[in-house]
Structures are given as structure tokens and as C-alpha cells.
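Have a look at the structure below, then the notes.
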Amino acid sequence: MPVKVKKPHPALKHAAYSATSVLPGESAAEFEKLHRDLIAEYAPNGALEDDIVATMTRLVWRKQNLATFRIAELAKRRCDNLMNEKVPRVDLGLLLPEYEYAVDPAAREEGIRAAQEQARNELGGTYELVEIGETATVNRLMADLEVQDRLDAMIDKCLKRLLFVRGLKSISAGSSSAPPRRLAGSSKAA
């Protein structure tokens with residue numbers, strides 16, 4: 001069983017990473033260029049259209065960079081292997097997993113530090129994908145997209161309601177500003 005060290009990546013404290021945004025190892029400059037290109041292509045007008053183009057940018061970006069999740073998976077696997085190699089354990093046979101680390105805490109911590117240092121050296125910048133953890137997984141991407149889809153559906157519902165109400169108001173305003181029509185056969189009053 002791999003050792004899990006709960007130390008959140010600094011960017012996670014500020015919600016800087018999302019599975020649908022630019023992840024470590026990806027180019028923020030290329031993402032911004034894609035966003036500018038889509039703005040030029042669709043010429044959004046207003047906050048809602050800006051949001052739609054921004055969402056499209058994130059989705060096109062993620063589609064173009066799906067390999068990042070495979071890289072993250074391989075990096076995590078390598079880190080787990082290093083933890084298994086470097087962190088001392090006591091073989092307790094069939095005992096419960098919570099007894100697996102019944103070793104000197106200082107030796108265990110030293111093993112964790114050694115494994116992390118070797119992983120950082122071997123993986124370089126890719127190690128950041130390991131540090132952000134669950135964010136750089138396909139499961140997290142799917143969860144983020146599901147939430148985004150539900151939010152978009154709710155926004156669409158509000159837009160439909162708004163357009164319906166505006167349509168009713170325009171019909172009402174149009175009929176009240178028109179001069180009254182005379183009925184056939186009625187005479188003009190003098």
C-alpha cells in the first residue's frame with residue numbers, strides 16, 4: 001500500500017488548479033493564445049458570451065491536452081513505487097493494514113523524504129502533477145465536467161425563462177402602444 005502524505009499543493013489552497021484548466025507542465029501562454037483565437041473567431045459580446053467562449057477554451061484545451069492525465073498517472077505510479085521501496089515496513093502477515101507501519105517513525109519519515117526527493121529529481125516538473133493529486137486525474141475531470149454540465153443546464157433554463165419573459169413584455173408593450181382598432185361597422189363618434 002503506497003504511503004500518502006497529506007500536504008496540499010500551494011496552488012490548491014487558492015483553487016488555482018482544476019481538471020479543466022491549465023495543469024502543471026502545460027503552457028499557460030498556449031492556453032491564452034487559444035483563448036484569444038477563440039475570442040477573435042466568435043467575437044463574444046457581453047459577460048455571458050465571454051463566459052461561453054472561456055468555457056469553450058477550457059474544453060478545447062483539455063481535449064488537446066488529455067495526455068497530461070496519462071503523464072500524471074505514470075508519475076504517480078513512479079512515486080508510489082519509490083515510496084514502497086524507501087519507506088520501511090514491518091511484515092505483519094495477515095494483520096490489519098493499520099499495523100503495516102509499526103516501525104520507527106523517524107525511519108519512516110526519512111524514507112518518505114528520500115522517496116520524495118528521488119521522485120522530484122527523476123520527474124522534474126512533472127512532479128507537480130503528483131503534488132496536486134486527484135486534480136490531475138480523469139475521474140476528477142469527469143466530475144468537474146458533470147458539475148459544469150449541470151451549471152450550464154441551469155444557466156440555459158434561466159436564459160430561456162428570461163427570453164420568454166422578454167418576449168411576453170415585447171408583445172404586451174407592442175399591443176399597448178398601438179392605436180385601438182375600430183371594429184367593422186362602427187361609426188365614428190363626432
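Where a number appears in this text, it was derived from the coordinates with a stated rule and is not lab data. As the structure is a prediction and not an experimental result, all values here were calculated from the model. Neighbour counts run over all protein chains shown; Cβ positions are idealised from the backbone, glycine included.
Classification of the stretch 127-173 by its C-alpha gyration tensor yields a prolate form. The axis ratio a/c (a ≥ b ≥ c) is 1.5 or more, and a/b outweighs b/c. Checking the Cα-Cα distances for LYS33/LYS86; LYS33/LYS76; LYS63/LYS157 against a 32 Å cut-off, the pairs over it are LYS33/LYS86. Residue exposure proxy: MET83, MET142, ordered by other Cβ atoms within 10 angstrom of their Cβ from fewest to most, comes out as MET142, MET83. In a fully extended conformation the segment linking LYS157 and ILE39 would gain 40.0 nm over its present Cα-Cα distance, using 0.36 nm per residue. The phi torsions of the stretch 145-155, fed into the Karplus equation with coefficients 6.51, -1.76 and 1.60 and a -60° offset, translate into couplings of 5, 5, 5, 4, 4, 5, 5, 4, 4, 5, 5 Hz, rounded to whole numbers, with Gly and Pro shown as x. Between ALA107 and ASP50, the contour length at 0.36 nm per residue exceeds the Cα-Cα span by 15.2 nm.
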